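Just below is one structure, and these are the notes that go with it.
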Ligand SMILES: [Zn+2]
């Protein structure tokens, strides 16, 4: 990812800073320094406080991530941007209990830290002062004010994330609780409706009280809820269809001994962007669009396909569920997957194939009998 900078890796998870991240530090320096009249000391205090806030956010995201890994869901990376952090899971487990524990783990980390800090404050007689005053910016720039900030940030992160609306953790907690009793799609529909309701209330409150930040969050939540509902509905309607019902048997296959120029010629005329590689009758690899473009830039058009094709892409079979294909295309960021039976490549299944299937299943469900899947 070109727009972010890798900081370090924990348990295989890259922790990355989005390139817009320095903006929040600039803002903090301005807000605590110039705007509050505390000068350079204030600016340094602000940068320290906000940096620590992002340490808390990272710990929160690691909370989600470690539990997800525990349930066998790989976590690709955690990206920190001025509006917060996101842990990118390769897939979200759909067992309600697992989703519940993953979602609650983030806020739980912050609550545990807040509890620990409170205990420390009592033990060492640290004056937490009035957290509210500190939040409003009247806490001064002392060490104990910093301590209070971090304490309040932790509570804020836990409470804010538990708002019962997608894409907040609370939305997932709420959906998983519903899904323990209801069908997953129905549970999502209810959780999304509640999320939109919360967003509308927040938006109205923000508008009347001049809270522009609150209005922005309301818009973010409203669209997040709608998006999640659409995604789950799409997946729900793909269930029961298999690759056999929608793939491209006429996809062009290449030999490992072709060069990249050959593929480029074909891309321009055939409009295909990923290519199964077969040697004789046998499937041997897959040339993805990403790999092709990268190879053209770094190694030139005379490079052999065998030198750049991917061998790590797991093919699908005719009986693979379309739903599973869709999930893999999303998580592996591919345009297509090769369809292979008994070592022979039969063609490709592309995003377009899936979109067509979805559209037809909506307008004429009778024309597409679902396969009874195990
Ligand atoms: Zn979270």
- Report the extension gain between residue 279 and residue 303 in nm, rounded to one decimal, defined as 0.36 nm multiplied by the number of residues separating them, less their alpha carbon distance. 6.9 nm
- Query: Tell me, what is the FRET efficiency for residue 360 and residue 90 to the nearest 0.05, using R0 = 30 angstrom and their Cβ-Cβ distance as r?
  - Reply: 0.55
- Item | Ascending count of other beta-carbon atoms within 10 Å, so fewest first, for 247, 205 | 205, 247
- For the chain, with a Gaussian network of springs between Cα atoms less than 10 Å apart, report the residue from 331, 306, 223 with the top mean-square fluctuation. 306
- Task: Could you calculate the contour length gain from residue 268 to residue 9, that is, 0.36 nm times the residue separation minus the distance between their Cα atoms, to one decimal place in nm?
- Result: 89.3 nm
- Query: Taking a point 7 angstrom from the Cα of residue 324 along the C-beta vector, which residues in the stretch 241-270 have backbone N less than 20 Å away?
  - Reply: 241-249
- Dividing the mean separation of Cα pairs under 8 Å (6+ apart) by the residue count of the stretch 1-162 yields a relative contact order in percent of 20
- Using only Cα atoms, find the angle between the long axis of helix 39-70 and the longest principal axis of the chain, and express it within 0 to 90 degrees, rounded to the nearest 10. 50
- Message: Which residue fluctuates most in the GNM of the chain (Cα springs below 10 Å): 323, 241, 257?
- Response: 257
- Just need the relative contact order of the chain here, percent rounded to a whole number, with Cα pairs under 8 Å and 6+ apart. 10
- What ranking do 267, 117 get, fewest neighbouring Cβ atoms within 10 angstrom at the top? 267, 117
- Most mobile listed residue (26, 177, 123) in the chain, GNM with C-alpha springs under 10 Å: 123
- So for 281, 356, fewest C-beta neighbours within 10 Å to most, what's the order? 281, 356
- What value, in deg cm²/dmol to 500, does the helix sum -39500 (n - 2.57) over DSSP H runs of n ≥ 4 give at 222 nm once divided by the residues of the chain? -18000 deg cm²/dmol
- Task: Report, in whole Å, the centroid distance computed from the Cα atoms of the stretch 14-48 and the stretch 308-326.
- Result: 46
- For the chain, find the longest principal axis of its Cα atoms and tell me its angle to the long axis of helix 212-238, 0 to 90°, nearest 10. 30
- For the stretch 163-237, what is the relative contact order in percent, using Cα pairs closer than 8 Å and at least 6 residues apart in sequence? 35
- Task: Would you mind getting me the FRET efficiency between residue 71 and residue 160? Use the beta-carbon distance for r and R0 = 41 Å, nearest 0.05.
- Result: 0.95
- Expressed as an acute angle from 0 to 90° and rounded to the nearest 10, what is the orientation of the C-alpha long axis of helix 260-270 relative to the principal long axis of the chain? 90
- Task: Determine the percent antiparallel among the DSSP beta bridges restricted to the stretch 243-367, to the nearest 5.
- Result: 90
- Item | Between the stretch 232-260 and the stretch 181-202, the Cα center-to-center distance that results, in Å | 33
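Assuming R0 = 56 Å, can you tell me the calculated FRET efficiency for the pair residue 123 and residue 312, based on Cβ-Cβ distance, to the nearest 0.05?
0.60
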- Message: Give me the one-decimal nm value for the distance between modelled label points at residue 341 and residue 244, 7 Å along each residue's Cα-to-Cβ direction.
- Response: 0.7
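Just so you know, all these numbers are worked out from the coordinates, no wet-lab data involved. None of the values given here were measured: they were computed from a predicted structure. Using ideal geometry, Cβ is built from the backbone for each residue, glycine included, and neighbour counts are taken over all protein chains shown.
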